[in-house]
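What follows is calculated from the coordinates using simple rules that are stated; it is not laboratory data. All of these numbers come straight from a predicted model, not from anything done at the bench. When we count neighbours, we look across all protein chains shown, and the Cβ atoms used for this are built from the backbone with ideal geometry, even at glycine.
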Amino acid sequence: MALGNHDMDYGRAAFDRCRAQLRYPILSANTDRMQKTAVVRAHGVRVGVFAVAGSDFASLVKTEGFKFGDSVAAARDAVRDLREREHVDAVVMIGARAFRRRLRPGARRGHAQRDARQRASRARR
């Protein structure tokens with residue numbers, strides 16, 4: 001699950017108690033003390049998943065105990081980690097926020113999807 005700006009409305013302690021009861025991770029690559037990425041396996045394909053808190057979280061979230069970093073830099077680091085360290089077949093960003101800038105200079109629309117399909121196809125062989 002991607003971290004949302006209302007998830008912290010009742011304070012850090014309440015958030016941590018709630019999170020401890022979950023059977024799935026809450027992801028945010030640019031939030032201190034949060035899990036940055038996860039790897040799931042589906043039909044023999046390793047999928048790397050990450051989320052980032054939006055650049056507006058610092059002004060939206062008034063709860064103490066949460067520190068947010070640069071979302072674009074965190075996304076780049078998460079993708080690099082998932083590809084180079086975890087060797088996933090595909091990378092997916094989850095959440096309700098879209099990037100206005102490209103994460104990879106020179107990337108064109110559609111190439112990421114094509115690359116993921118090709119990697120997934122090779123992984124099934």
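Annotations
- The loop-placed GluC sites (Glu not before Pro) in segment 1-87, going by DSSP, that have at most 10 neighbouring Cβ atoms within 10 Å of their Cβ come out as Glu64.
- Spin-label pair His87-Arg41: with each label point 7 Å from Cα along the Cα-Cβ axis, the two points sit 1.3 nm from one another.
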